[in-house]
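Okay, structure first, notes after.
The values are calculated or read from the model by the stated rules, or taken from the named source; none is laboratory data. Remember, predicted model here, so these are calculated numbers, not experimental data. No Cβ is skipped: glycine too gets one built from the backbone with ideal geometry, and neighbour counts run over all protein chains shown. Just the protein is used for accessible areas: all its heavy atoms, side chains included, with ligands, DNA and RNA removed. Shrake-Rupley method; radii C 1.70, N 1.55, O 1.52, S 1.80 Å.
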Amino acid sequence: MPTIAIVGAGPGLGLSIAKVFGGHGFDVALISRSKDKLDVLVAELNTVGITAEGFPADTADAAQVTAALQHAITRFGRINVLEFSPHAGLTMTAPKDVTVESLRQPIDSLLYGAVAAVQAVLPAMIVAGSGTVLFTTGGGAINPYPMLADLNIAQAGLRNWAINLHNTLAGQGIYVANVAINLLIGTQAPDGVPYRAPDEIALDYWALHTTRTQAEHFIGA
């Protein structure tokens, strides 16, 4: 069985991605901070016949991310698809107010966490000559929002690295893409707020994995 590891898994988009890939025969490794919440997600996936297991880790701690993925590899074997979409919070910071300290959490969670995750799975992908890495960022990675300066810096760095990985690894059978989501993820939203259901968005991830063509995918109004 192929395996997808979803880093930053939650009851919204992460669960939807797990269901889509699980429905296509993937085992699912879920990684996020709370073991209790992971257990709930695993139970829901099991009820629809998807083999899944949770591995607690804080994406702001690179060592925890590495250890969680190593445990997942021991449990399932090689990770065929890595999806990275941790929640780094929405601290409001104007560009002029950015400090080294205010940047620490988003950089640790989004950028350093992503590097640790990729380094845990990429060597085996290269040996196998196949693999998919999908990063999720907000639309601010492309067009920054003034009130989310800290988060956008980290997201832009992750997007830049994703495109660099795509351009340099495609010839070795490794597909990498950044998915920038610039709308509310949900089944409903206040009037005038663009949104899209997580089950629908998850289908885009499957399409990217199977077509393996573009380094970037934008989901927005």
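Scanning segment 1-14 for residues that are among the hydrophobic types (A, V, I, L, M, F, W, C) and crowded, with 22+ Cβ neighbours inside 10 Å gives I4, A5, I6, V7, A9, L13.
Against the condition modelled with pLDDT under 95, open to solvent by less than 30 Å² (accessible area, probe 1.4 Å) and farther than 30 Å from P146 by Cα, how does G89 come out, does it pass? Against the criterion (modelled with pLDDT under 95, open to solvent by less than 30 Å² (accessible area, probe 1.4 Å) and farther than 30 Å from P146 by Cα), G89 does not qualify. Answer with yes or no whether A162 is closer than 28 Å to A60 by Cβ, without any contact (Cβ under 8 Å) to a residue 40 or more places away in the chain and buried (at least 16 other Cβ atoms within 10 Å of the Cβ). Against the criterion (closer than 28 Å to A60 by Cβ, without any contact (Cβ under 8 Å) to a residue 40 or more places away in the chain and buried (at least 16 other Cβ atoms within 10 Å of the Cβ)), A162 does not qualify.
Evaluate the following for S130: is it open to solvent by 10 Å² or more (accessible area, probe 1.4 Å), under 26 Å from G25 (Cα atoms) and touching a Leu at 6+ places or on another chain (Cβ under 7 Å)? Spelling it out, it is not the case that S130 is open to solvent by 10 Å² or more (accessible area, probe 1.4 Å), under 26 Å from G25 (Cα atoms) and touching a Leu at 6+ places or on another chain (Cβ under 7 Å).
Applying a threshold of 9 Å to beta carbon distances and a minimum spacing of six or more residues, or different chains, the list of pairs starting in segment 130-147 at a residue that is on the phi > 0 side of the Ramachandran plot and small (G, A, S) and ending at one that is outside any loop (DSSP other than H, G, I, E, B) and open to solvent by less than 10 Å² (accessible area, probe 1.4 Å) reads G131/V81; G131/L82; G131/V121; G131/M125; G131/I174; G131/Y175; G131/V176. The residues of segment 45-77 that are farther than 24 Å from L122 by Cα, open to solvent by 70 Å² or more (accessible area, probe 1.4 Å) and outside any loop (DSSP other than H, G, I, E, B), listed by number, are N46, T47. The requirement of being in contact with a Pro (Cβ under 9 Å, 6 or more places away or on another chain), under 25 Å from F21 (Cβ atoms) and either part of a loop (DSSP other than H, G, I, E, B) or at pLDDT 95 or above (or both) is fulfilled nowhere in segment 119-126; no residue meets it.
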